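Take a look at the structure below.
The values are calculated or read from the model by the stated rules, or taken from the named source; none is laboratory data. Note that the structure is a prediction, hence the values are computed from the model and not measured. Heads up, the Cβs are rebuilt from the backbone with ideal geometry, glycines too, and the neighbour counts pull from every protein chain shown. Ligands, DNA and RNA are excluded from the accessible area calculation, which covers all protein heavy atoms including side chains. Shrake-Rupley method; radii C 1.70, N 1.55, O 1.52, S 1.80 Å.
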Amino acid sequence: MSLYAQVLPNPGRPLGQLFTYRVPEHLQDAVRVGSQVLVPFGSRTVVGLVGALSEKTDRQDLRDIESVLADVPVLSAESLALAEWIADYYICELGEALRPFLPEGMTYRISRKFRLTGDPIALEVLEHPDAGPVVEHLQSAEREVSIGALRRLLAANRLQRALRLLKSRRLVEERSMILPPRARERQVRMIEVAVPVEEAARYCKARADRAPARVAALRVALGSGCLPAGELARRASVSAAAIRGLVEDGMVRPHWIPVRRRPWTEAADESKGPAALTPEQAAAVAAVNSAVDSGEHSSFLLYGVTASGKTEVYLRVIERVLAAGRQAIVLVPEISLTAQAISIYRGRFGDQVALVHSALSLGERWDEWQRIRSGEAGVVLGARSAVFAATPKLGLIVVDEEHETSYKQEQAPRYHAREVALKRGELARCPVLLASATPALETFHDAERGRHTLLRLPERVDSRPLPAVRVVDMRGSEGRQAILSSAVRQALAARLREGEQVILFLNRRGFATFLLCPVCGQAVRCDECGVALKYHREAREVRCHHCGVSRSAPDICAKCGSHQIRFSGFGTERVERELRRIVPAARIGRMDRDTTARKGAHLRIVGQFRSAETNVLIGTQMVAKGFDFPGVTLVGVISADTSLNLPDFRAAERTFQLLEQVSGRAGRGEKEGEVIIQTYRPDDDSIGAAAAHDYESFYRGELENRRELNYPPLSQLVNVIVTSEQEDTAAQRAGALADALRAAGGDRVQILGPAAAPLARLRGRYRWHVIVKGPRGHVQAVVREALGGVGALAAATLSVDVDPVSLM
């Protein structure tokens with residue numbers, strides 16, 4: 001029988017076309033849809049993904065699949081269908097859409113290396129704008145240079161032209177190698193006694209003086225049974241050489257066993273039994289359980305105030321899913337939240353819980369993927385990438401804090417995990433449960449229109465009251481004199497005297513927002529992005545929070561030479577310093593991207609606060625999301641205006657959500673909570689609604705504001721961004737794109753721009769954008785048509801963001 005495969009070469013790269021290959025007879029039993037294979041592609045061998053199989057083809061002169069990669073992930077038909085939907089909806093190539101399905105370190109790689117083979121004396125080669133830099137780099141290298149190193153010299157299209165020229169002149173030679181997956185099964189060398197006890201005793205007696213280390217190790221082995229070699233050496237206080245000697249003497253024998261790496265070892269399980277349900281919780285559980293039992297897809301929005309017991313609803317429904325022999329995925333918006341969540345879920349479900357997020361090591365990801373794929377793990381917990389977990393028997397997806405913008409991927413494929421979860425639930429025929437105390441306007445609007453079933457939890461568990469909120473107007477003299485108002489300072493001191501805990505929230509990290517020369521007015525800026533660099537006092541550095549570049553903080557002004565450089569603005573690092581000054585006895589923790597950069601830092605900071613080792617936690621939006629700290633009775637919002645001043649139509653919504661979420665951290669225990677919000681805009685509707693804990697009032701008002709300008713959820717947006725190293729080029733290409741969009745859209749959509757993006761330069765590239773606004777379903781069609789007509793933009797790159805959460 002003849003068999004042919006439609007293969008996508010280089011899955012993960014921006015390529016959307018499938019190529020037909022012949023499946024050799026000896027591989028026909030091994031090749032199936034979703035398999036990863038090695039195929040010839042052009043002059044090279046590459047990894048490919050099988051997208052379809054057929055017994056007939058009209059193509060001639062086909063090439064054969066070379067081999068099947070059996071020890072790497074195989075994608076299911078459902079995963080391939082989901083990837084195709086992502087490529088279509090988010091307007092990206094299928095190769096890009098497949099990227100999140102292929103965990104890093106679990107695929108074969110093709111290593112490409114280059115070296116000079118001739119003398120590039122030809123003047124036109126040396127002076128060629130693309131080939132010249134490549135030749136110089138290869139000449140200076142002592143060994144072969146990888147394609148990755150060359151990609152740092154030139155953009156992809158320029159590098160391709162350069163290598164093509166140099167190869168045609170026989171000046172460069174390429175060598176390719178197939179590298180296996182970097183993630184592997186972990187194996188541990190175990191040691192066990194290989195002889196009867198009597199023989200071991202005689203050995204110990206005979207060797208006691210000549211080989212005391214071996215004797216000590218053998219005695220430990222006799223009393224402990226089978227142990228890892230390292231553990232045996234540690235317990236016996238001997239070196240590895242002593243263990244090797246025992247093996248050589250035949251007293252013990254080694255063998256290898258696979259050992260799973262567990263990424264949650266530092267998290268303590270919260271072993272709590274099921275809590276008694278309120279009537280509203282019971283109704284929500286019954287509704288979702290009915291959907292689980294039906295085996296059909298449906299979606300729910302669980303709208304419940306903070307501390308209303310949404311997590312208990314998830315746990316009860318997951319119990320039903322596991323009892324039916326199926327699996328559940330639970331998404332949380334931040335890696336920091338997995339520290340608390342893993343404790344809760346393992347306390348209820350034990351070793352059935354797997355953890356998936358980008359901070360895991362390659363080995364941990366490999367082991368968790370194996371547990372999920374085999375069905376050993378029934379509950380998958382993680383950040384947005386967990387929505388792609390390889391669950392063969394999916395029965396439920398939960399999207400906790402579904403409103404969070406961190407569910408949106410910033411690089412291609414620019415998917416939103418909430419929307420992917422809804423589509424995956426449809427393909428898997430399982431329910432999807434979205435939940436939030438402050439639902440996204442789009443989600444609540446969809447629920448009102450019937451897309452989701454709306455479930456409500458209007459009160460906190462045990463009838464605890466929501467925290468009282470006080471708004472402090474910082475426009476007077478107090479705001480100019482202090483970071484913390486007198487109201488915050490007094491409440492903070494009173495709460496700490498009572499042995500209670502406090503959270504201080506500021507959504508801005510670092511010590512100072514910028515460094516300014518008062519003589520000439522020059523601010524210290526990022527050379528690549530043009531934005532002010534933030535000062536980090538602990539590291540004595542200024543850093544760009546957009547591209548990550550950092551350098552030592554200057555002592556003198558680079559423009560005028562003045563030594564009077566001053567700090568302006570403040571971030572979490574400065575708040576910590578101010579607090580240590582005014583409350584020296586406070587035990588302070590800080591949670592932001594700087595303090596959580598190292599693995600395990602989230603667990604440590606959360607654990608210290610939960611155990612009351614610290615009693616004040618200062619943090620960015622990380623502390624506003626989902627944490628349950630019963631000892632917290634006061635939340636202080638240092639500046640409510642940080643997000644309100646952003647040039648984005650979602651600024652008011654984001655401000656309300658942050659304020660309401662962080663306020664919800666107070667009063668979750670036996671004592672009532674209090675929230676103090678410092679602001680320069682006390683009359684803003686979003687701040688007033690947050691102070692009143694009135695989501696629906698905010699929703700109605702904001703929906704009318706959106707209706708006036710036809711913004712989502714009443715329309716759909718696509719933000720098309722054009723970047724170039726030259727500002728004129730970016731502007732011109734954006735103009736050409738806008739013309740093509742207007743021609744394709746006609747009266748169906750509205751085209752805004754072209755205009756410089758609010759963040760006008762990023763990583764050395766100028767950014768212009770065009771916004772397409774119109775009815776859902778029409779917008780993507782217009783963008784696709786326009787992009788097909790424009791083709792490649794010379795000297796510029798283009799990115800498409802469907803349903804953007806930010807227009808920056």
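Note on region 559-649: with charges restricted to the Cβ of Lys and Arg (+1) and Asp and Glu (-1), its dipole about the Cα centre is near 400 debye. Of the solvent-accessible surface of region 649-808, computed with a 1.4 Å probe and all protein chains present, 48% belongs to carbon and sulfur. Dipole orientation for region 612-757: of the candidates 619, 751, 631, 751 has the Cα lying most toward the positive pole (charges on Cβ; Lys, Arg +1; Asp, Glu -1). Under 5 Å between amide hydrogens, built in the peptide plane, is the criterion, and for residue 549 it picks out 544 among residues at least 5 positions away or on other chains. The listed peptides 427-435, 221-229, ordered by packing as a protection proxy, come out as 427-435, 221-229 (highest mean of other Cβ atoms within 10 Å first).
For the charge dipole of region 341-383, defined by +1 on Lys and Arg C-beta atoms and -1 on Asp and Glu C-beta atoms about the Cα centroid, which residue among 352, 372, 341 has the Cα displaced farthest towards the positive pole? Going by the charge dipole, the pick is 341. A compact globular protein would have a Cα radius of gyration near 2.2 N^0.38 Å; the ratio found for region 430-517 is 1.68. Here the peptides 55-62, 29-36, 466-473 are ranked by packing, the mean other Cβ count within 10 Å, and the order with the highest first is 466-473, 29-36, 55-62.
Solvent exposure of region 523-636 amounts to 48 Å² per residue of accessible area, where only protein heavy atoms count and the probe is 1.4 Å. Summarised in one figure, the compactness ratio Rg/Rh of region 572-706, Cα atoms and Kirkwood Rh, is 0.99. Protection proxy ranking for 289-298, 346-355, using the average of other Cβ atoms within 10 Å per residue and placing the highest first: 346-355, 289-298. Which listed residue (695, 39, 666) has the Cα farthest towards the positive end of the charge dipole for the chain, taking +1 on Lys and Arg C-beta and -1 on Asp and Glu C-beta about the Cα centre? About the Cα centre, the residue reaching furthest to the positive side is 39. Annotation: lysines with alpha-carbon distance below 23 angstrom to residue 167 (same-chain offsets under eight excluded): 113.
The alpha carbon centroids of region 720-792 and region 349-366 are separated by 40 Å.
Any aspartates and glutamates with Cα under 13 Å of the residue 408 Cα? List them, leaving off those in the same chain fewer than 8 positions away. Excluding near neighbours in sequence, the set is 334, 419, 801, 803. Residue-wise HN-Hα couplings along region 450-461, as the Karplus relation 6.51 cos²θ - 1.76 cosθ + 1.60 with θ = phi - 60° gives them from phi, are x, 5, 10, 7, 8, 10, 10, 10, x, 10, 5, 5 Hz; Gly and Pro carry x.
Rounded to the nearest 500, the helix-only mean residue ellipticity at 222 nm of the chain stands at -10500 deg cm²/dmol, with each DSSP H run of n ≥ 4 adding -39,500 (n - 2.57). Amide H contacts of residue 628 (H built 1.01 Å from N, in plane; Pro and chain starts excluded): no residue 5 or more places away or on another chain comes under 5 Å. Rounded to the nearest 0.05, the FRET efficiency derived from the C-beta distance between residue 62 and residue 493 at R0 = 56 Å is 0.10.
Distance between the C-alpha centres of region 540-563 and region 18-38: 55 Å, rounded to the whole angstrom. To the nearest µm²/s, what D does Stokes-Einstein give for region 345-472 at 10 °C and 1.306 mPa s, using the Kirkwood radius over alpha carbon pairs as Rh? Once the numbers are plugged in, D ends up at 95 µm²/s. With R₀ set to 41 Å, the beta-carbon distance separating residue 456 from residue 411 gives a calculated FRET efficiency near 0.65. Would region 16-80 count as rounded, prolate or oblate if I go by the C-alpha gyration tensor, calling it rounded below 1.5 in a/c and otherwise prolate when a/b exceeds b/c, oblate otherwise? It is rounded, given that a/c, with a ≥ b ≥ c, falls under 1.5.
Surface composition of region 285-407: carbon and sulfur make up 48 percent of the accessible area, probe 1.4 Å. Couplings for region 27-36, taken from phi via the Karplus curve 6.51 cos²θ - 1.76 cosθ + 1.60 with θ = phi - 60°, read 10, 5, 6, 8, 7, 9, 4, x, 5, 9 Hz in order; Gly and Pro are left as x.
Net charge dipole, region 188-317: roughly 880 debye, given to the nearest 20, about the Cα centre with Cβ charges of +1 for Lys and Arg and -1 for Asp and Glu. In this simple spin-label approximation, residue 146 and residue 44 carry label points 7 Å from Cα along the Cα→Cβ vector, and these lie 1.4 nm apart. Charged side chains reduced to their Cβ positions (Lys and Arg at +1, Asp and Glu at -1) give the chain a dipole of some 2200 debye around its Cα centre. Accessible area per residue (1.4 Å probe, heavy atoms of protein chains only) ranks 519, 220 as 519, 220, with the largest value leading.
Entry note, region 167-237: relative contact order of 35 percent, from Cα contacts under 8 Å with a spacing of 6+ residues. Calculated FRET efficiency, residue 608 to residue 2, Cβ-Cβ distance, R0 = 45 Å: about 0.10 to the nearest 0.05. The aspartates and glutamates whose alpha-carbon is closer than 15 Å to the alpha-carbon of residue 393, local same-chain residues fewer than 8 away aside, are 78, 293, 296, 319, 376, 426. Close amide H partners of residue 53, meaning residues 5 or more places away or on another chain with modelled amide H under 5 Å apart, are 6.
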